[in-house]
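Quick note: the coordinates plus some simple rules give every number you see, no bench work behind them. The structure presented is a predicted model; accordingly, all values stated were derived computationally and were not measured. Quick reminder, even Gly has a Cβ in these numbers, built from the backbone with ideal geometry, and neighbours come from all protein chains shown.
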Amino acid sequence: MSQELKPCPFCGTNVLSVAKISSTGPVEEWPWVVSCESGNCAIGPITNDYATRDEAIAAWNTRSDAHLLRSHEALREALRGWKELFADDMPFIIAKVGGGMTNGDQDAIDRVLIATDAALTEAAAQEPQKEQHHD
Ligand SMILES: [Zn+2]
């Protein structure tokens, strides 16, 4: 079974090479590597040498999720701000500008709050487990 390759983490291309690289000894023992073959990649990453094709692909597909955690937290913070704006400030803003809230205003605010709560609940459920420190 062949594994699917993730795109290059630097340039996003799917122009990748899975190949043996020449080495000493018989060709059966040459190591496998995966590399980015895009002519436009600023980095041109290549894996370490692996004994098997599957190992090289598994190594290529290994990614840190640190950047996802940062963007995840940034989105949650934006949603909290959005919720605060709509829950606390919007009725006053509408009252100041328009002289009072209509039922439509309140419905719109309620819909935003419900959607924001749902997004925050889903984000919390999908949040990767952070490392626990045991003293
Ligand atoms: Zn690349």
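Determine whether region 68-79 contains at least one residue that is farther than 30 Å from residue 126 by Cα and of a type in the set (D, E, K, R).
Residues of region 68-79 that are farther than 30 Å from residue 126 by Cα, as a first pass: none.
The answer is no; no qualifying residue exists.
Name the residues in region 1-32 that are within 14 Å of the ligand (Cβ to nearest atom) and touching an Asp or Glu at 6+ places or on another chain (Cβ under 7 Å), would you?
Matches in region 1-32: 15, 16, 17.
I'd like to verify a number: residues in region 39-86 that are surrounded by 14 or more Cβ atoms within 10 Å (Cβ to Cβ), over 14 Å from residue 9 (Cβ atoms) and small (Gly, Ala, Ser), how many?
Selection size over region 39-86: 2.
Would you confirm whether or not region 37-47 contains a residue that is more than 16 Å from the ligand (Cβ to nearest atom) and more than 30 Å from residue 124 (Cβ to Cβ)?
So far as region 37-47 goes, no, none of its residues is more than 16 Å from the ligand (Cβ to nearest atom) and more than 30 Å from residue 124 (Cβ to Cβ).
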